[in-house]
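Notes follow the structure.
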Amino acid sequence: YPGTKEDYTKRLFGHAEWDLTRRLGISSGLMIEDNDIIGTHLSPRLAAHYSFLPNHTLRAVATRAVRSPSIYEANEFNMVRLNTGEVFWALYDTDPDLREESINSYELGYRGLFAGGRVDLDIKVYQERLRNLIYHATDRTYPDIISTLTGSGTFIHYNGGNADVSGAEIQLKVRPWHRELLSVQY
């Protein structure tokens, strides 16, 4: 491309917490992001926590977020042209309809403090739904001379992937003495 490509990004983030009762609380967050590639989008987060015993809390969290294509992903066009202007070899190109990736994430968790707070146990199960993942694949029909002759194709950045991820995590932190910390995660 002649000249330069730029992507200006602006973000505004807010967070609020409410204690509905002594044991039940809600927290929420919202990020508003605007950039030159995909425009304006919102990323909300909502969480509830319930302390059913002192130092023992259950939580539920729901989050939605997006990832804008990078300036490289959105604008890549790596090619060799002949003097006639015809594309001799296109190595990489970007789908003109490239969109942002998105994730919806849900979590249920438990956190417990034991031994006067010296032992901290955190367990969670989660599900993540990722959509419109950006990756590159070979387009063997790309109309450049090399691809036409060899069938090798050109790498194209496009939205073509989805993933559903479910899992569980556990974290145990132990403070055997005042200044030491042992932490194990799985």
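Pairwise over distinct Cα atoms, reciprocal of the mean inverse distance: report the Kirkwood radius of the chain in Å, one decimal place. Computed over Cα pairs of the chain, the Kirkwood hydrodynamic radius comes out at 20.7 Å. Partner lysines whose Cα lies under 24 Å from the Cα of Lys124, excluding those fewer than 8 positions away in the same chain, are identified as Lys173.
Taking K and R as +1 and D and E as -1, what net charge do the other residues with C-beta under 14 Å from the C-beta of Asp7 add up to? Let's see the in-between values first.
On the way: positive: Lys5, Lys10, Arg11, Arg67; negative: Glu6, Glu33, Asp34, Asp36, Glu73, Glu76, Glu100.
For residues surrounding Asp7, the net value is -3.
Summed over the residues of the chain and divided among them, the accessible surface reaches 67 Å² per residue at a probe radius of 1.4 Å. The length gained on full extension between Val80 and Asp7, counted as 0.36 nm times the residue separation minus their Cα-Cα distance, comes to 23.7 nm. When the Cα positions of Thr63, Asn132, Leu42 are compared along the charge dipole of the chain, Thr63 comes out farthest toward the positive end, with charges on each C-beta of Lys, Arg, Asp and Glu.
Note the full-extension length gain between Phe88 and Glu180 as 0.36 nm times their separation in residues minus their Cα-Cα distance, in nm to one decimal.
Numbers: separation 92, 0.36 × 92 = 33.12 nm, distance 6.29 nm.
Residue separation times 0.36 nm, minus the Cα-Cα distance, leaves 26.8 nm.
Report, for the chain, the % of DSSP beta bridges that are antiparallel, rounded to 5. Given both bridge residues lie in the chain, the antiparallel proportion sits at roughly 95 percent. Its Cα centre serving as origin, the stretch 57-165 has a Cβ charge dipole (Lys and Arg +1, Asp and Glu -1) of approximately 580 debye.
The fraction of accessible area contributed by carbon and sulfur in the stretch 42-186 is 58 percent, rounded to a whole number (1.4 Å probe; ligands and nucleic acids excluded).
The values are calculated or read from the model by the stated rules, or taken from the named source; none is laboratory data. All figures in this text were calculated on a predicted structure; none of them were measured in a lab. Please note: Cβ atoms are built from the backbone with ideal geometry, for glycine as well, and neighbour counts cover all protein chains shown. Just so you know, the surface numbers come from the protein's heavy atoms only, side chains and all, with ligands and any DNA or RNA stripped out. Shrake-Rupley method; radii C 1.70, N 1.55, O 1.52, S 1.80 Å.
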